[in-house]
Amino acid sequence: MTLAVDIPHEVVETIVQRVLELTREERREPSDGWLDAAGAAEYLGMPKTALHKLTAAREVPFEQDGPGCKLYFKRSDLDTWRRQEAVAEVDMSNATPRRTRVERGIYRRTDERFEIGWRDAQGKLRWRVVDGGIMAARAALAQEHSKRARGEAVAADPRLTFDAAADAWWEARAGRLRPMTQSAYRAGLKHLRRHFGRQRLATITAGDVAAYVTSKDSLKGWTIKGHLTVVSAIFRYANRHLGVTTPNP
């Protein structure tokens, strides 16, 4: 006696999708260099919760079949990431300040130029490099204090370049970042500076950023995402603290 069962088409599709998922999982066995989240956390010597925070921030390389799907980590990528973190920690321990205080509101940069720092009428911290000596820096700072007293808003510098905006963002934010994040952002900045460096921030469009992504097709997806995170952070900082009104591309 033969028993025939009519299986709905939707059920068949679900079974097929699950078989495909299992097939992909089998292809990522540890013998092939792939680890799941638990294995990657153990391999890196950190709690699984810490690894989840790193993946959420796109600070550690991983692959995923789709949103909400299981995460996989390649041993060679983790080894590269760990070496970069070790180098970053050494760099930070040997790092020298980008500027030293001369007097209140006036600093000397490593390139020997003076830079002034003040809060505008809205209470935002502003920075500006001043050409000339200490007297020029004092005059510029006094002028900004007078503008603040009159309640004047800070006008954006139309000549502000990507490099200058990146410098201001890095000096204000780098100290708050973890060494592993600093390492990733520093590496991304090297690529971005070579591409956008002297270009005025106000002229950078979404099309320019798309062209940058296209030019980096040799890099891995998670690396490019990290670069875009840096671009977005620089524009947000410029919008909030440098008076720039150019939309974030």
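Read-outs: derived from the displayed coordinates by stated rules, not from any lab. Every value quoted in this text rests on a predicted model; they were computed, and no experiment measured them. Here Cβ is always computed from backbone atoms with ideal geometry, including for glycine, and neighbour counts include all displayed protein chains.
Across every direction, the projection of the convex hull enclosing the Cα atoms of the stretch 197-247 has a mean area of 3.7 nm². Packing here is the average count of other Cβ atoms within 10 Å per residue, and on that basis the peptides 164-174, 212-222, highest first, run 164-174, 212-222. For the pair residue 176 and residue 203, the difference between a 0.36 nm per residue extended length and the Cα-Cα distance amounts to 6.8 nm. Expressed in Å, the radius of gyration and Dmax of the Cα atoms of the stretch 161-245 are 12.3, 35.
Checking the Cα-Cα distances for 147/190; 70/190; 48/190; 74/216 against a 26 Å cut-off, the pairs over it are 147/190; 70/190; 48/190.
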